[in-house]
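*Asks:* Handing you this structure, nothing more for now.
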């Protein structure tokens, strides 16, 4: 092994670290939990004020050297416009874990935890090769946090036989001999497949230096990572589409690791918002062989669609014109001089490259034309935005907001296509596993005080332990007929049924009974979720999602056009609401009336109804809602009418003065009117005298009832249109009086769209 001062790899590593530091990044380490620690390069904390103004971008490396060797060109290019995070995946560099998990799903969970610990709510992600597997799973499991996805040269759709074909091309016996080269010959084979250019001139001492410095660390654990891959185990691609996610696939036309035809198939599998870019004369590492073209393609995908008003999940009206002024900065490329010729070392993905220096050119006429087109589109978007009403869907966690959001998509848009329906399969199966785990673990806990009622029968205990273990995993298996039969058997156990009766104490989801009654259908090999399945599917909302619709149809002239925003209801999500408050037409606040005897998911000492009361009170007092209409949805009435006859309202502190007066339907109506009156009193107590003229309406809703939701939103639409007409009439009268006093013409004084004075005084 070469000493440090004679090692080209060690010397070049110093240079790469300086490049990262010069780009505003610093080395950091975060402990994600008791088992896992991740090392990463991220924005220097000294410049925290500057980082708040830029979007975040995560670069996930491939199977090879640590991350800094693979992303230098991209870090230097993207850091002026993004907060760049470059993690070392588990068992690469200083990242490690004591967990037995070795799958790429675990790597994805670790990256997501890292970003959460770093305080990053939303980010885009780029993954190359193995890193593309990880990026795919991050986007699949946390779609609300990932804005856009770039998958570079990554066979996410690989089959069982693809590894065998790759080994035949490499003329090797084991995949680790290729992906974890232990000799100079093996490394040269890897480089030969990963690069489109000949690399047989690389000196043997340099190859040995790379092997010893970059491929010898944690070899045992990395071999376990290769064996732990969940993708590529079957004879058909085992992946769910990303139908609502903008995805860019970048591929080299001469890739010998994952041939180009895999990219074409992957584009079709991932969904309609996926596009493919092929970089000519490059192989498996286009970001290294042609970094200029790679960076420009990715930059256009990440940034330009924002300027064109296409960014999903951005709730602000209008577009930021300052973002238009794109400036391409020349990227500095450093050469290490050899006696023969200048060359640049790299190990960016799976090998190294010798190439001559390249330089960026200034923006040309094509870019100027793009800027003009962007300006034109911005003007169009700005005009269109004036006619859109902004609705904010708020409420505590588990209040049914997201179900209402899905109903809007079904009622007033095109609904869910087949790809979107299929994307819910993993969610629904996860709901099943989570539910049975909650019930089994809850039964064991309750049995400590009452074994006779809550102890699982001896023949079902083994099944319960197996299902509880599956329910605690990060990656849930697809529901099979055998597993469905086990779940059904456990579900019918008397102890589980008794436990389910106390579900309000155990955070049992509302969808439990529905999914348990449909287990065999959910486990069918050709299962495609129905609309009802999607409505019952429970995914905790984090971040912000939006939808645009008209309650009276596609024709915008026939009614108002609304943009509805759904935000996370749990406490740690509410800080994300603040930036949505400006310019809101109406707040739709969801309160689950059935949850008066339940506690919060995130704080089991807090009653859900009391939390809803405090949240509603806080929202009402926000200064930005001074003129905003309020629509209160008293939701989950279907559960409420069944529960209130058995569980008295006065178990909740807020309703302690409630007195039952009857039985049956009459008692249900009496209880509901009592709850409604409590919210009315809270509204007027929390509303200052100067705000009493704002619209306040209460609606009884059941989010799963499509007809009721449709009727409710038409009533909301009618209420808001009346409000708009009233305000327009007031503006017209004020304008008319002013025009008469100043001798304007009414036509000059009144804007047809907004009722604002736009004329000039006649002389």
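*Asks:* Quickly rank 591-602, 664-675, 510-521, 422-433 as a protection proxy: mean count of other C-beta atoms within 10 Å, highest first.
*Replies:* Result, highest mean first: 591-602, 422-433, 510-521, 664-675.
*Asks:* Highest mean first, how do 435-446, 90-101 rank when packing is the count of other Cβ atoms within 10 Å averaged over residues?
*Replies:* Details: 435-446: 21.3, 90-101: 17.9.
Result, highest mean Cβ count within 10 Å first: 435-446, 90-101.
*Asks:* Next question, about the same structure. Starting from the Kirkwood radius over alpha-carbon pairs of the range 420-467, derive D by Stokes-Einstein at 10 °C in a medium of 1.306 mPa s and give it in µm² s⁻¹.
*Replies:* 132 µm²/s
*Asks:* Can you classify the range 579-716 as rounded, prolate or oblate using the Cα gyration tensor, where a ≥ b ≥ c are the square roots of its eigenvalues, rounded means a/c under 1.5, and otherwise it's prolate if a/b beats b/c and oblate if not?
*Replies:* Prolate shape, in that a/c is at least 1.5 and a/b is the bigger ratio.
*Asks:* Students often check this: by mean Cβ neighbours within 10 Å, which of 396-405, 12-21, 160-169 ranks highest, and how do the rest follow? Don't skip to the end; give the middle numbers.
*Replies:* On the way: 396-405: 23.8, 12-21: 16.2, 160-169: 13.6.
The peptides rank, most packed first, as 396-405, 12-21, 160-169.
*Asks:* Figure the gain on full extension for residue 217 and residue 521 (residue separation times 0.36 nm, minus the Cα-Cα span) and round it to one decimal in nm.
*Replies:* Extra length from residue 217 to residue 521 when fully extended: 104.7 nm.
*Asks:* Between residue 722 and residue 695, what length comes free when the chain is fully extended (0.36 nm per residue of separation minus the Cα-Cα distance, one decimal in nm)?
*Replies:* 8.7 nm
*Asks:* Which ordering of 634, 276 is given by a fewest-first count of other beta-carbon atoms within 10 Å?
*Replies:* The order, fewest Cβ neighbours first, is 276, 634.
*Asks:* Assuming a ≥ b ≥ c are the square roots of the Cα gyration tensor eigenvalues, decide whether the range 664-726 counts as rounded (a/c under 1.5), prolate (otherwise, with a/b larger than b/c) or oblate.
*Replies:* In terms of gyration-tensor shape, oblate.
*Asks:* Would you please give the FRET efficiency between residue 268 and residue 659, computed as 1/(1 + (r/R0)^6) with r the Cβ-Cβ distance and R0 = 56 Å, to the nearest 0.05?
*Replies:* 0.35
*Asks:* How would 618, 251 line up from fewest to most surrounding beta-carbon atoms within 10 angstrom?
*Replies:* 618, 251
*Asks:* Any idea how far apart residue 121 and residue 33 come out in nm if each label point goes 7 Å out from Cα toward Cβ?
*Replies:* With each label point 7 Å from Cα toward Cβ, the separation is 2.5 nm.
*Asks:* Using a ≥ b ≥ c from the Cα gyration tensor of the range 119-245 (square roots of the eigenvalues), is it rounded, prolate or oblate, where a/c under 1.5 gives rounded and otherwise the larger of a/b and b/c decides, a/b for prolate?
*Replies:* Prolate, since a/c reaches 1.5 and a/b exceeds b/c.
*Asks:* With labels modelled as points extended 7 Å from the Cα through the Cβ direction, what inter-label distance (nm, one decimal) is found for residue 113 paired with residue 54?
*Replies:* Calculated label separation equals 2.8 nm.
*Asks:* Then there is this: Would you mind ranking 214, 269 so that the residue whose beta carbon has the fewest other beta carbons within 10 Å leads the list?
*Replies:* 269, 214
Bear in mind these aren't lab numbers, they're just calculated from the coordinates by the rules spelled out. Quick caveat, the model's predicted, so the values are computed rather than measured. Cβ atoms come from the backbone with ideal geometry, glycine included; neighbour counts cover every protein chain shown.
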